[in-house]
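The values are calculated or read from the model by the stated rules, or taken from the named source; none is laboratory data. Everything numeric here is computed off the predicted structure, so don't read it as measured data. We work out accessible area using only protein heavy atoms, side chains counted, and drop any ligands, DNA or RNA first. Shrake-Rupley method; radii C 1.70, N 1.55, O 1.52, S 1.80 Å.
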Amino acid sequence: MDAVVSNAPLQSGSGQAVHLTSGTLISLLFNAIRNRVRPPIRYGREPWRFIRTATDYYFFHLLFMDLIQALGSVLHIRWIHLQTVEAGSTYCSAQGFIKQLGNVGVALTTFVIAVHTFAVLFLRWRVPDTKWLPLGVIGLIWLFLILATSIPWGTKEDYYYQTGYW
């Protein structure tokens, strides 16, 4: 199949999301290592945990999905370098897959946070103090993401293709 060349304008500005998300994840990693090297219990204070509630799990998953979404946008660097978009190429399809994975992941995680907040505030739902509920919900999100992005990619040729609307 011949590559379709387009001179469509490219998006910019996703570098800020990469910096913000990466900085947050590096900060979390630093604090985790610090707590391992210098355990809080030895110094008479309560151990500080990154993730204490279900909302924390959802929030960090949202940050991770935002990182994937930003990674899909950072892949525009190749198109900027080439000054064209080669629609139908493997790189283009991989970029479309990553962008769809990130976009749908951010949307589903935001939806889960909204439903969780509504249930806690308006329905007075007491969240069980377990990590398995949020991890199960995140697992279901990933199951849906894998199915929703892989099945169309595997069954329809040129599923991730330049639409001309962007």
Work out from phi, with θ = phi - 60° and the Karplus expression 6.51 cos²θ - 1.76 cosθ + 1.60, the ³J(HN,Hα) of each residue of region 59-65, listed in order in whole Hz, and give x for Gly and Pro.
5, 5, 5, 4, 4, 5, 5
Please report, as a whole percent, how much of the solvent-accessible surface of region 81-131 comes from carbon and sulfur atoms (probe radius 1.4 Å).
65 percent
Kindly write out, for region 141-153 in residue order, the coupling ³J(HN,Hα) from the Karplus curve 6.51 cos²θ - 1.76 cosθ + 1.60 (θ = phi - 60°), rounded to whole Hz, with x marking Gly and Pro.
4, 5, 4, 5, 4, 5, 5, 6, 9, 7, 4, x, 5
Using only the alpha-carbon atoms, what does region 79-166 span along each of its principal axes? Please give whole angstrom values in decreasing order.
53, 24, 20
Can you compute 3J(HN,Hα) from phi for each residue in region 89-104, using the Karplus curve 6.51 cos²θ - 1.76 cosθ + 1.60 with θ = phi - 60°, rounded to whole Hz and x for Gly and Pro?
6, 4, 4, 5, 5, 5, 5, x, 4, 5, 5, 5, 4, x, 5, 5
